[in-house]
Amino acid sequence: MNTIQKLLKEMEQEAQTTRKMLSRVPDDKYDWKPHEKSMTIKQLATHIAELPLWVTMTLTTDELDFAANPYQPENITKTTDLLAYFEKSLTNGKEHLEKANEALLEQNWTLRNGEEIYSTSSKEEVIRMTFCQIVHHRAQLGVYLRLLNIPIPGSYGPSADDMSF
């Protein structure tokens, strides 16, 4: 199995868990946040749903400059729309990854804010970081849901809510 096949497999495996987690977001809690410094559920869940598009961006550009490209999140207010957006993002990311080649994955990609460079890594490493970001933010969402007393789905096995004690 080559690198692209491995990345596609991981992308699909993580998508299964991400779907389950996003499906638990209640429509009436999109403005809720656990702390004044935290994102709202809407901001966090939308970011999770859009992250597969970072695979596309990584493969089709050489950098992201926040100074030149201000962040413009989708305005999602219902979980059905959130899940549809995630599926659209996932399909787009997978299609671009399927068309990529190993040489493209070796090229560098830079994350910056104007003159300040945050990182320069191979496109393969950026894609892996994107997967890690999905897992990281999905875990944050799990904390939000727990605080709202919403059962958490299992990720890599059953969750405490899946277990009968």
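A few points about this structure:
- In the range 144-153, residue surrounded by the fewest Cβ atoms within 10 Å (Cβ to Cβ) [restricted to those that are of a type outside the set (A, V, I, L, M) and in a helix (DSSP H, G or I)]: Arg146
- Scanning the range 1-22 for residues that are in contact with a helix residue (DSSP H, G or I) (Cβ under 8 Å, 6 or more places away or on another chain) and over 14 Å from Leu90 (Cβ atoms) turns up Met1, Asn2, Thr3, Ile4.
- Residue in the range 24-44 that is of a type in the set (D, E, K, R), without any contact (Cβ under 8 Å) to a residue 24 or more places away in the chain and part of a helix (DSSP H, G or I) present: yes
- Residue selected from the range 144-158 under the condition within 19 Å of Ala49 (Cα to Cα) and of a type in the set (Gly, Ala, Ser), by the criterion farthest from the chain's Cα centre (by Cα): Gly154
- Ser155 more than 17 Å from Thr56 (Cα to Cα), free of Cβ contacts under 8 Å to residues at least 24 places away in the same chain and hydroxyl-bearing (Ser, Thr, Tyr): no
Results for (1) under 17 Å from Phe131 (Cα atoms); (2) of a type outside the set (Ser, Thr, Tyr), shown as yes or no for each residue.
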{"residue": "Lys20", "(1), (2)": "yes, yes"}
{"residue": "His35", "(1), (2)": "no, yes"}
{"residue": "Met39", "(1), (2)": "no, yes"}
{"residue": "Lys42", "(1), (2)": "no, yes"}
{"residue": "Thr56", "(1), (2)": "yes, no"}
{"residue": "Thr79", "(1), (2)": "no, no"}
{"residue": "Leu97", "(1), (2)": "yes, yes"}
{"residue": "Glu102", "(1), (2)": "no, yes"}
{"residue": "Asn113", "(1), (2)": "no, yes"}
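Read the figures in this text as sums done on the coordinates, not as results from a lab. Keep in mind the model is a prediction, meaning the values are calculated, not measured. Cβ: placed from backbone, ideal geometry, glycine included. Neighbour counts: every protein chain shown.
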